[in-house]
Amino acid sequence: MITVEQVAGACGAVVHGADLAADLDDAEVAQIRQALLDHQVVFFRGQRLDPDQQVRFSRRLGPPSPVPFVQAIPEHPEVIAVVREATETHGYTFGGLWHSDFSFLPEPPSASILHALEVPPFGGDTVWASQTLAYRTLSPAMRQMLTTLEGVHSAVNAYSPKMQAVHDTFAGMSVQTDESATRTQVHPAVRAHGETGVPALFVNAQYTVGLCGFAPHEARPLLDFLAAHTTRTELTCRWQWRVGDVAIWDNRAVQHMAMADFTGHRRAMHRTTVAGEAPVAASSLT
């Protein structure tokens, strides 16, 4: 039987009793999906998934999302390897800034699925922050103002050619930057969740580069405030990985970041990504 154990007050739960490599029935998938909607990020211990099995499970949650710039593993176009080799001595890692996956896309991913293949003896945790709770803990006046705003999202500070030298330091991954990363995409600053309708902040330090109608010097103080507010410790859940762990998170409801505190040790994961919908402003549903 599938059971769900909450692990933090803001978000996060462990799902017990599910073998993600098996042919899960519709009722089991529905339970997992509901746990994800309820807790925003869910974890599974002791899973053994080869790339084909991970893709098959991922597709039970929805079709694959585009994954720009990051090269997939051979013969598995829906799977990317998230790897930091033991030889890498720089103080950062892939995914090491707070973000919602590929929020610069017209239809950002709904969910991401990460499977731990090799973990360091210490460090390398991932942290998630609830953006529905971030919205609820703002003052009424700030909530009202933000529901009228739109954020400008871009991959310019992550995947444009100026960042190629940084990506070349990732010995275990292949990332190819290009000029398409300079494009911009507008999304509501407060989005309604595509399944539940619950409002959530949808700005992040990695990809939100401006606010529509604001001069850069006007937008920057508000974006800096939101970057700090949306990642406050009391909004977070932190996961210490073991080999075989799987995490699934809802990009419509959380931000996340990977810790880079394991220099001298290898960390290797496989990730699949589930397609999402174009964000809709929460104000349009009221």
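Every number in this text was worked out from the coordinates using simple rules, so none of it is lab data. Note that the structure is predicted; figures quoted are calculated from it, not measured. Virtual Cβ from ideal backbone geometry, glycine too; neighbours counted across all protein chains shown.
Here are the numbers for this structure:
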| quantity | calculated |
| --- | --- |
| Charge dipole (debye, nearest 20) of the range 87-171; +1 at Cβ of Lys and Arg, -1 at Cβ of Asp and Glu | 380 debye |
| Additional length obtainable on full extension of the chain from Thr184 to Val29, 0.36 nm per residue less Cα span | 52.3 nm |
| Stokes-Einstein D (µm²/s) once Rh is taken as the Kirkwood radius of the range 184-223 over alpha-carbon pairs, at 4 °C in 1.567 mPa s | 116 µm²/s |
| Neighbourhood net charge (12 Å Cβ-Cβ; Lys/Arg +1, Asp/Glu -1) for Arg45 | -1 |
| Semi-axis lengths, Å, the chain, gyration tensor of Cα atoms, sqrt of 5 times eigenvalues | 28, 24, 18 |
| Kirkwood hydrodynamic radius over Cα pairs of the range 138-232, then Stokes diffusion coefficient at 4 °C and 1.567 mPa s, in µm²/s | 87 µm²/s |
| Order of Ile80, Ile248 under a 10 Å beta carbon neighbour criterion, fewest first | Ile80, Ile248 |
| Cβ crowding within 10 Å averaged over residues, with 36-47, 159-170, 5-16 ranked highest first | 36-47, 5-16, 159-170 |
| The chain, helix-only ellipticity at 222 nm - DSSP H runs n ≥ 4, -39,500 (n - 2.57), divided by all residues, nearest 500 | -6000 deg cm²/dmol |
| Peptide ranges 199-211, 19-31 listed from the most packed, as the mean C-beta count within 10 angstrom indicates | 199-211, 19-31 |
| Dipole magnitude of the chain, debye to nearest 20 (Cβ charges: Lys/Arg +1, Asp/Glu -1, about Cα centre) | 580 debye |
